[in-house]
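Colleague: Here it is, the structure in full.
No lab work stands behind these numbers, since they all come straight from the coordinates. Remember, predicted model here, so these are calculated numbers, not experimental data. Heads up, the Cβs are rebuilt from the backbone with ideal geometry, glycines too, and the neighbour counts pull from every protein chain shown.
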Amino acid sequence: MNIVKQSKGSSSRFLRKRPFFFGKNKTSFHSYLISMIFASWLATYLELIPTGKQLYTFQARPFADIFPIDIRFTLIGIPAFTLFMLLALAKMNFLQRSLFLIMLGLIMVMVEQISGRMGWIVYSEQWQHIYSFFGYPAFILVIFFFFKWCESARGTY
């Protein structure tokens, strides 16, 4: 709300309100939403590969007779994780992103081991946690590049 009008002869810039949460405009919201849906879809298919090869299994999962993966993770966890990652990565430069993705890989290896100890996931002998060290950052990079592509296609990035 502007109380005072800016003078026509004034050389100062008019300050517009900036959106609070999602980027530059409403189309940015659509890019986040489309990226979250794409991430959920991609994660579902990527989870089917190691579960199909019996590299790991999810112990307590809904609809176990229908889905070999935990659909709570792919329908709720991955979109929330993706939103957080995109919001964080969009504000970083190249070096910060690189360090952040390395730390993400290390954290996900630890999370995997903790979830294995808690009995949520059972890993086979062939599973190597190094797969997650490289896999999660690669997944997030693919999603981030997809997000940037969505933003550039709409002309907002």
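Colleague: What's the ranking of 28-34, 112-118 by average number of surrounding C-beta atoms within 10 Å, highest first? List each step's numbers first, then the result.
Modeller: Numbers: 28-34: 17.4, 112-118: 13.3.
Top to bottom by mean Cβ count within 10 Å: 28-34, 112-118.
Colleague: With an 8 Å cut-off on Cα pairs and a minimum separation of 6 or more residues, tell me the relative contact order of the range 82-157 in percent.
Modeller: Values: 33 pairs, mean separation 29.5, N = 76.
Result for the range 82-157 is 39 percent.
Colleague: On average, how much area does the Cα convex hull of the range 78-134 cover when viewed from any direction, in nm²?
Modeller: On the way: hull surface 17.8 nm².
Approximately 4.5 nm², given one-decimal rounding.
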